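Read-outs throughout are calculated quantities, based only on the coordinates presented, and are distinct from any laboratory measurement. Keep in mind that what you see is a predicted model, and the values were worked out from it rather than measured. Glycine gets a Cβ as well: all are built from the backbone with ideal geometry, and neighbour counts include every protein chain shown.
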Amino acid sequence: MITTLTPALRARALNKTYGAEDAAVHPLRDLSIEFPAARFTAVMGPSGSGKSTLLHVLAGLDTADDGEVILSSERGETTLTGLNEKQLTRVRRESIGFIFQAYNLVPAMTAEENILLPTNLGGGSVDRTFYEQVIDRLGLADRLKHRPFELSGGQQQRVAVARALVGRPAVIFADEPTGNLDQTTGAEVLGLLRTAVDEFAQTVIMVTHDANAAAQADRTVLLADGRVAGTLESPTAAQLAAALIEAGR
Ligand SMILES: Nc1ncnc2c1ncn2[C@@H]1O[C@H](COP(=O)(O)OP(=O)(O)OP(=O)(O)O)[C@@H](O)[C@H]1O
């Protein structure tokens with residue numbers, strides 16, 4: 001059984017370097033971290049501190065030079081580092097949801113088809129009541145037949161959020177999920193991520209620059225220069241803002 005004490009995801013000694021010698025950049029430096037199951041963790045840090053790189057490596061979308069990423073879910077324990085592309089695709093489809101800045105919607109499909117795509121590909125079925133709740137709270141009911149090019153940036157973002165949520169994957173990764181949204185819709189998205197954690201025991205890992213958004217999470221991990229600079233449990237937005245300034249020094 002997966003309990004909140006079990007880490008949903010753990011990474012050990014991740015290193016990643018771009019370039020060589022004087023031009024070398026180290027977005028991950030011997031970074032080890034655990035993300036508890038059924039908790040909402042925010043990842044913050046100065047620009048260039050390695051947040052997006054870490055998220056991509058944890059999600060199996062990018063590889064580290066060395067180190068290990070282990071995913072634990074009801075399906076068991078999987079070491080992502082070491083899987084081939086086909087195996088990784090399967091794990092991502094079954095266990096991981098993505099809300100990324102580039103929404104990666106399929107242009108030829110309607111909003112509804114995009115939202116249901118991961119579930120359909122995985123051969124699963126959607127809980128209609130939950131689906132309708134998500135659509136309603138994201139204000140997408142009258143946009144379901146539209147294709148991405150007929151939607152605003154914010155609406156495309158909401159479609160990507162719905163797509164990540166409806167199949168109830170074990171872990172949801174979100175990279176600046178409120179970045180393009182007005183305050184009200186941003187609050188709805190954060191509320192849905194909380195619902196995913198509180199009601200459906202999903203694990204959410206969210207990169208954000210917004211201290212108010214991070215304050216909605218259970219805990220915040222601070223990155224600085226490719227390393228974990230600290231972890232704050234239930235911080236306020238003011239505490240986060242102060243910690244960020246400190247991490248940037
Ligand atoms: N494909 C790449 N090639 C070379 N350098 C890269 C590449 N991707 C990222 N980097 C560098 O790695 C470092 C970390 O980048 P990353 O995007 O992970 O930071 P971040 O904390 O998410 O930044 P931001 O808050 O600005 O989005 C940066 O210095 C960046 O320029």
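Observations on the structure shown:
- For the stretch 86-91, backbone phi angles converted through the Karplus equation (6.51, -1.76, 1.60; θ = phi - 60°) give residue-by-residue couplings of 5, 5, 4, 4, 5, 4 Hz, Gly and Pro being listed as x.
- Between V25 and E199, the simple spin-label model (points 7 angstrom out along Cα→Cβ) gives 4.0 nm.
- Mean shadow area of the stretch 87-212 over all directions, Cα convex hull, nm²: 7.4
- Choice from N84, N104, N212 with maximal GNM fluctuation in the chain (Cα, 10 Å cutoff): N84
- Cα-Cα P(r), the stretch 144-183, percent of pairs per 10 Å interval: 26, 51, 22, 0
- Gyration tensor (alpha-carbon) shape descriptor, the stretch 169-210, a/c threshold 1.5: oblate
- Choice from F200, F173, F40 with maximal GNM fluctuation in the chain (Cα, 10 Å cutoff): F200
- The equivalent ellipsoid of the stretch 20-76 has semi-axes of 24, 14, 9 Å, largest first, where each one is the square root of 5 times an eigenvalue of the Cα gyration tensor.
- Largest mean-square fluctuation among A20, A214, A201, in a Gaussian network model of the chain whose springs join Cα atoms under 10 Å apart, belongs to A20.
- Rg(Cα) / (2.2 N^0.38 Å) computed for the chain, rounded to two decimals: 0.98
- Here's how it looks for A224: its modeled amide H is under 5 Å from those of A229, which are all 5 or more places away or on a different chain.
- Scaled against the 2.2 N^0.38 Å expected of a compact globular protein of N residues, the Cα radius of gyration of the stretch 18-156 reads 1.24.
- Taking a straight Cα-Cα cut-off under 26 Å and skipping sequence neighbours fewer than 8 places away in the same chain, the lysines within cross-link reach of K51 are K16, K86.
- Within the chain, DSSP assigns beta bridges of which about 55% are antiparallel (rounded to the nearest 5).
- Relative contact order of the chain, taken over Cα pairs closer than 8 Å and 6 or more residues apart, is 26 percent.
- Computed helical MRE - 222 nm, the chain, DSSP H runs ≥ 4 contributing -39500 (n - 2.57), nearest 500: -10000 deg cm²/dmol
- Overall form of the stretch 35-111 per C-alpha gyration tensor (a/c, 1.5; a/b vs b/c): rounded
- Proximal aspartates and glutamates to K145, defined as alpha-carbon separation beneath 15 angstrom and excluding residues fewer than eight positions away on the same chain: E112, E113, E132, D136
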